[in-house]
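The values are calculated or read from the model by the stated rules, or taken from the named source; none is laboratory data. Please read all numbers here as calculations on a predicted model, not as lab measurements. So basically every Cβ, Gly included, is an ideal-geometry build from the backbone, and we count neighbours across all protein chains shown. Only protein heavy atoms, including side chains, enter the accessible area calculation; ligands, DNA and RNA are left aside. Shrake-Rupley method; radii C 1.70, N 1.55, O 1.52, S 1.80 Å.
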Amino acid sequence: TLEAPRQAPALTNLTQEELLARLQKGIRHEVLEGNVGYLRVDDIPGQEVVSKLGGFLVASVWRKLMGTSALVLDLRHCTGGHISGIPYFISYLHPGNTVLHVDTIYDRPSNTTTEIWTLPQVLGERYSSNKDVVVLTSGHTGGVAEDITYILKQMRRAIVVGERTGGGALDLQKLRIGQSDFFLTVPVSRSLGPLGGGSQTWEGSGVLPCVGTPAEQALEKALAILTLRRALPGVVQHLQGALQAYYTLVDRVPALLHHLANMDFSSVVSEEDLVAKLNSGLQTASEDPRLLVRAVRPKETPSGPEVGEDEPLEVVPTVPDDEAARQALVGTMFQVSVLPGNVG
């Protein structure tokens, strides 16, 4: 026979102060430079805790992050949590105009299947769908945190940055083997995949990040990505202006402007991504392979080395008076020789 060990005290036996103290140990938040919200969660609270302390969480944590321009959700140290907490995390990042079926969970002990949907209403406000969200992961990110990461990635609501997650289980039970001192840890619940499709999920294999980087560098990388994405509207605006002012195939300009205005930049996480997407889109819309965008290093301009605001863009060299100097100057600009067969 298999016998379960003695369970820890139920959350219902804890006072509100004890619940609050436990919650505050697992959640940190701040506003970083560039008005980027940072939320670190080390343990996903369940419905029981949220129902008691939801008002406190909204007032003391969430409301302070609502005014930020982008959000970093740090799950690098989150090794577990409660399945019932999944809808709350997803719902605050999902628009409230629809409810979405995000997962189906099968529980072996009870032989039941539970569908997880976003909530039609939440306390406070939802995070705007127009703002970027980045989820940080590590090899220690596990269980419920992996499911949240996987769902947000599949929804295309978040960019995942860091390491492949652990590929753990949603729910583990520790079972004693007979009357011995040996215990068996068994996964007893599993995800059937977003939208209940029954496809392969993250369990066993982990969640693959959109941008792979060592966990300790994930926050720095995320902030660099957000800086690039914050510049995207300005880049598009300048491109539209340049096309209107300079592009010689005038009849194709309206189509190019329309294409730029409707491009989807949700997958752009690097300069290389941006350049490839712009060139592919612009050349297709214009049918002109000569139309090119390229990334320029900070110390150069499209026409050469970077110059100061007061310096001319083109510098015309002066011709020296000395004959030897003139010949040397010509020698740097022209190379003259007679090839075999008397070919100049």
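Using C-alpha pairs below 8 Å separated by at least 6 residues, the relative contact order for the chain is 13 percent.
Among 53-59, 108-114, 262-268, the peptide with the highest mean count of other Cβ atoms within 10 Å heads the list, and the full ranking is 53-59, 262-268, 108-114. Taken about its Cα centre, the chain carries a charge dipole of about 1180 debye when Lys and Arg each add +1 at the Cβ and Asp and Glu each add -1 at the Cβ. Per-residue 3J(HN,Hα) values for region 208-220, derived from phi via the Karplus relation 6.51 cos²θ - 1.76 cosθ + 1.60 with θ = phi - 60°, read 7, x, 5, 10, x, 7, x, 4, 5, 9, 5, 5, 4 Hz in sequence order (x marks Gly and Pro).
For the chain, the solvent-accessible area works out to 60 Å² per residue, with a probe of 1.4 Å and every protein chain left in place. Bridgeable lysines around K52 (alpha carbons under 23 Å apart, same-chain partners fewer than 8 residues away excluded): K25, K64.
Surface composition of the chain: carbon plus sulfur atoms hold 54% of the accessible area, using a 1.4 angstrom probe and ignoring ligands, DNA and RNA. Could you tell me what percent of the DSSP beta bridges with both partners in the chain are antiparallel, to the nearest 5? That works out to approximately 60 percent antiparallel. Placing +1 on each Lys and Arg Cβ and -1 on each Asp and Glu Cβ, with no other charges, gives region 226-286 a dipole about its Cα centre of roughly 120 debye. Along the axis of the charge dipole computed for the chain (Cβ charges of +1 for Lys and Arg, -1 for Asp and Glu, origin at the Cα centre), the listed residues G281, S266, A328 are led at the positive end by S266. Backbone geometry of region 172-182 corresponds, through the Karplus equation with coefficients 6.51, -1.76 and 1.60 at θ = phi - 60°, to 3J(HN,Hα) couplings of 10, 10, 9, 10, 6, 8, x, 9, 7, 9, 9 Hz, x marking Gly and Pro.
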